[in-house]
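Notes for the one structure printed next.
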Amino acid sequence: MGKRKRNRKKAKTLSAKQSKKNNGHTLSVCLITKNEAEKIETAIRSVLPFADEVVVVDTGSTDDTVEIAKRLGAKIGYFEWCDDFSAARNASLDMATGDWIMWLDADDIIPASEWSKLRELKKTSLDSAFLFKLKNKGTTASVFWQMRMFPNRPEVRFRYPVHEQVSLSIMELGLPIKSVDITVVHTGYTSPEITQKKTVRNSELLRKYLEKHPEDSFCRLYLGRTYLSQGRLEMAARELERAVSDKNLENHQKATFVIALINLGKTYLGLGKTQEAVKVLEKAYGMDSHNANTVVPLAESYNNSDEPEKALDLLNQLEEVHYQPSMNPADPQFLRYMAEFQKAVALAKLSRIEEALYACRRAQRLCSKFDDAANLARLLLSKLRKSPEDIHILERIAKSDMACGDDLYEYGNALVRYGRTGEALKFYEKALKYDSSHEGATRALGLIYRREGRVERSRSLLQKGLDLNPDSDNLICDLADLYFDQEDWQGILNLPYCETALPTRLAARLISGLDDGMEQDIVALFRSLGGDIKDLDAIGITAIWNLAQKLEDPQRFHLAVSCFWIEPSLAGAAEAAVEGYLSRGKTDKAVQVAEKYITHVSGDPLGLRLVSRCYEQLGATDKFTKSQRTTSLGQLKPVLSNSDLKNS
């Protein structure tokens, strides 16, 4: 099926017969397919209510695509695939007999809401072509205008092997092009893998085409844009620079030229070439200042060049009309998100922190799948820690209707720093109501519950947090620490493995004797802390304690307790264990360690110091009876002088 050789008179006769029931004009819907058995029925059924003819040209299916299309009444044609989507599209045009042609992909759907609009549209005179709104559904949510319906004329042909275009031939015919409020839903990008596969295929087809047609700037734009989507920025810049240097493109295809400038500007931003980005994006803005596609990346380039005032002035001019679809594919929600995010960046650069935080929160409400705004907000919140004005800002934000989990959490932290733990608890609880998976609020609340003696409530909360954040090393460590206090060694070993909690796991094995897996844990600890496993044979448990001193608490404390219990003469471990227990309010455990150390290392002044520390705590808490104190003093007689005893 090559050049169009159709009996035009016969085609018009068929159209005339059909037009009697359609007030004069008929519509052929043309598709090309290959192995689309899962989607073709949905696509065809979505056009049957308004189409007079459905043409399906198959390019080599090995599934039931053709049989399904036949069953639904489609006219079937066959085309031998030659790596050229336009050639296949044109073959489908050759078979169409309607007055109007509308082209469709096999993974397109025309929603029922659009059927009556299309019935009316095909009644209009055959002197225009129409842009429909294409809405992508899947890994991308971009929306843009695309030429979809035009008069059935032999001069109208698709061009380019991929990203095939019919609009160029329509413009050459001088047909007016009008946008109409009709939406086509495209479902072709359902997974990242499919998207990647298609972009690789597209870039290869475009590259081969440009080898034969190096002067084609339109195709070069598409290749550059494909490279940009793949993150191949240097290659994208090379192609887009050549495209924007084409004066013919600039002078005769303004919309396409602006798209090339925008994509080149985004590429420069990705490459860190800020001044080059500003230059090309300012040129794009000068040609089209009423589109967020142009405004938002220009604002980003101003922020990157430390001109936040310019960025803010630009963004404050944006109105809803600027987010309407254009010929450049864009996700309108993402554009709105980026506009608010860039506004937040500009405000932060101008030290208008509170306003910047509100802009971040507006951005998050617009689109939750991107984390730039959330990360910036966390950075800004982390700076609001000291001055009274900072606290007032945190309070206003936390009590506003824009507050999210992070705001409530940070205000809770501020209250804790001021000793207002009771109030902080309420804001942590509010943070978890807003975001039940908030790790920071879960940990803070769990710690407060532990300190209040509500251990089981703390454990339940931390476990729920871990269920919602199964990869959280912090929550694993918090639970391990809680189990350590409860001496629930099996509970520690039942937790998911993470390297940060490895010292606690090993401590549980050393204390409990649950040695199944101990050897692996010891080797892993030495490897993670850069120790020499041979030291274990030379100096035994001391080698583990030497490694433990590289750690922070509570892991250091856990290993101190376990190493001391195996070798009570380890002075450093004894001291760390006593201090750790005292900091947790477990004075009885601290006394046990001190007494055991004195028993095993008679005459060491450290024993006296450790017991003295315990008594300082006992004086503060008054938890031990006089008889318990007397017993402890009796054990100290071998190392205390008479004056020491009197003072004690």
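The values are calculated or read from the model by the stated rules, or taken from the named source; none is laboratory data. Keep in mind that this is a model prediction, so the values were computed, not measured. Heads up, the Cβs are rebuilt from the backbone with ideal geometry, glycines too, and the neighbour counts pull from every protein chain shown. Remember, those area values only see protein heavy atoms, side chains included, never the ligands or the DNA or RNA. Shrake-Rupley method; radii C 1.70, N 1.55, O 1.52, S 1.80 Å.
Summary table below
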read-out: Amide H partners (placed H, <5 Å) of Asn152, local residues excluded; value: Trp100, Ile101
read-out: Long-range amide H partners of Ser179 with built H, under 5 Å; value: Leu131
read-out: Sorted peptide list for 43-49, 593-599, 70-76, criterion being average Cβ within 10 angstrom, highest first; value: 593-599, 43-49, 70-76
read-out: Derived scalar couplings ³J(HN,Hα) [the stretch 374-390; Karplus, 6.51 cos²θ - 1.76 cosθ + 1.60; whole Hz; x for Gly, Pro]; value: 4, 5, 5, 4, 4, 5, 5, 5, 5, 8, 9, 10, 10, 6, x, 5, 4
read-out: Zone residues, the stretch 62-81, relative to Leu48, backbone N less than 16 Å from point 7 Å out along Cα-to-Cβ; value: 66-76
read-out: J(HN,Hα) series, the stretch 156-168, from Karplus relation 6.51 cos²θ - 1.76 cosθ + 1.60, nearest Hz, glycine and proline x; value: 7, 9, 7, 10, 5, x, 8, 6, 4, 10, 9, 5, 5
read-out: Amide H within-cut-off set for Asp58, under 5 Å, with H built and near neighbours excluded; value: Thr33, Gly77, Tyr78, Phe79
read-out: Loop GluC sites (Glu not before Pro), the stretch 208-245, which have at most 10 other Cβ atoms in a 10 Å radius of their Cβ (DSSP); value: Glu215
read-out: Solvent-accessible surface (1.4 angstrom probe) belonging to Glu172, in square angstrom, nearest 10; value: 130 Å²
read-out: Theoretical gain in end-to-end length, Thr124 to Glu552 [0.36 nm per residue, Cα-Cα removed]; value: 146.4 nm
read-out: Approximate shape of the stretch 448-588 as ellipsoid semi-axes (Cα gyration tensor, √5λ), whole Å, largest first; value: 25, 18, 12
read-out: Helix 274-287 axis, angle to the chain major axis (alpha carbon atoms, nearest 10°); value: 40 degrees
read-out: The stretch 416-521, relative contact order [Cα under 8 Å, separation at least 6], %; value: 16 percent
read-out: Sequence ranges 316-329, 536-549, 568-581, ranked by mean other-Cβ count within 10 angstrom, highest first; value: 568-581, 536-549, 316-329
read-out: R0 of 45 Å, Cβ-Cβ distance Asp306-Leu173: FRET efficiency to nearest 0.05; value: 0.35
read-out: Extension reserve of the Thr139-Lys433 stretch, reckoned as 0.36 nm per residue once the Cα distance is removed; value: 102.9 nm
read-out: Inter-centroid distance (Cα atoms) of the stretch 384-422 relative to the stretch 239-271, Å; value: 47 Å
read-out: The chain, relative contact order in percent, only Cα pairs under 8 angstrom and at least six apart counted; value: 6 percent
read-out: Ranked order, Phe158, Phe370 - accessible area, probe 1.4 Å, largest first; value: Phe370, Phe158
read-out: Carbon and sulfur %, accessible surface of the chain computed with the full protein complex present, 1.4 Å; value: 49 percent
read-out: His392 paired with Gln317, simple spin-label distance in nm, labels 7 Å along Cα-to-beta-carbon; value: 3.5 nm
read-out: Centroid-to-centroid separation of the stretch 287-307 and the stretch 429-453 [C-alpha atoms, Å]; value: 41 Å
read-out: Highest to lowest packing among 487-493, 104-110, scored as the average C-beta count within 10 Å; value: 104-110, 487-493
read-out: Largest-first principal axis extents of the Cα set of the stretch 294-427 (Å); value: 57, 27, 19
read-out: DSSP-defined antiparallel bridges as percent of all bridges, the chain, nearest 5; value: 35 percent
read-out: Label-to-label distance, nm, for residues given as Ser382 and Asp83 (7 Å Cα→Cβ offset); value: 5.0 nm
read-out: Point-charge dipole on Cβ atoms (K/R +1, D/E -1) for the chain, about Cα centre, debye to 20; value: 2500 debye
read-out: Over the chain: helical MRE at 222 nm, DSSP H runs n ≥ 4 each giving -39500 (n - 2.57), nearest 500; value: -18500 deg cm²/dmol
read-out: Accessible area of Thr190 in the full protein assembly, 1.4 Å probe (Å², nearest 10); value: 80 Å²
read-out: Nitroxide proxy distance, nm - points 7 Å out along Cα→Cβ at Met402 and Leu271; value: 3.7 nm
read-out: Flagged links, alpha-carbon separation over 28 Å, of Lys212/Lys247; Lys178/Lys208; Lys369/Lys430; Lys247/Lys279; Lys133/Lys310; Lys464/Lys596; value: Lys178/Lys208; Lys133/Lys310; Lys464/Lys596
read-out: Distance between the stretch 337-368 and the stretch 459-501 - C-alpha centres, whole angstrom; value: 36 Å
read-out: Theoretical gain in end-to-end length, Lys586 to Asn469 [0.36 nm per residue, Cα-Cα removed]; value: 39.1 nm
